[in-house]
Each structure stands twice: as structure tokens, then as C-alpha cells.
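Here is the structure we will look at, set down as C-alpha cells.
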Amino acid sequence: MRDSDDEAEKAEPRATQPPQNINEVQLGCRVVFKRGTDLERGTVRYAGRLVGKDGQYLGIELNTNTGNHDGTYQNHTYFKCKPKRGIFIPINKVQLVYPSV
């Protein structure tokens, strides 16, 4: 990612909205979510169910190395990304990001 892209990514405002259901989420869309006191940003790489978990999850490729994995959960690869760039988040914990108009 270029420096100008990094700055644009950090810049606000961006319109955000929580998805109402999994059908509103497209692979490649941008999301933000709270993780502790931090606001994390990433790109949706998977949307659906996870083995051994109830509910709908999003597989997110994070912008930073603050993730838990590389897109693999319980020996099942849902998507691929660099190590420590992947995380799975329940769909109700994210906000979809829309460019400002």
C-alpha cells in the first residue's frame, strides 16, 4: 500500500453501517471494528459459518500484524493472508465502511 493510501485509510470521515445480515457483506469490502480500545480496519475475505461455532462470521484480513492467524481456523483454511493478518469476527461486531461522498 502506498503512503497516500495509508493516509487516506486513516482519514475520517467515512460513512459506516453495521450489516443487517450476511447477504449485505461482499468479499473485498472494507470494515472497521473495536478490539479492546483500538479501532481495527481490514478487508472482508470470508463470510459465513465456522466449524464448531454458532452464528455468522467474517474473515478479515487486517491492515496491521495484530491478527491471530493467516485465514486458517481449526485446520480449515477459509481464506489466505499473511501470518498475523487474519481474524474472524462475528458479523454483528463490524461496521461496513463506505467512501465519503
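The values are calculated or read from the model by the stated rules, or taken from the named source; none is laboratory data. These figures come from a predicted structure and were not determined experimentally. When we count neighbours, we look across all protein chains shown, and the Cβ atoms used for this are built from the backbone with ideal geometry, even at glycine. These area figures cover heavy atoms from the full protein model, side chains too; ligands, DNA and RNA do not enter into them. Shrake-Rupley method; radii C 1.70, N 1.55, O 1.52, S 1.80 Å.
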Relative contact order for region 49-88: what percent, with Cα pairs under 8 Å and sequence separation of 6 or more?
42 percent
Label zone at Ile22, where the point sits 7 Å out along the Cα-to-Cβ direction: region 66-96 residues whose backbone N lies under 15 Å:
78-79, 88-93
Can you pull the accessible area of Val94 for me, 1.4 Å probe, Å² to the nearest 10?
0 Å²
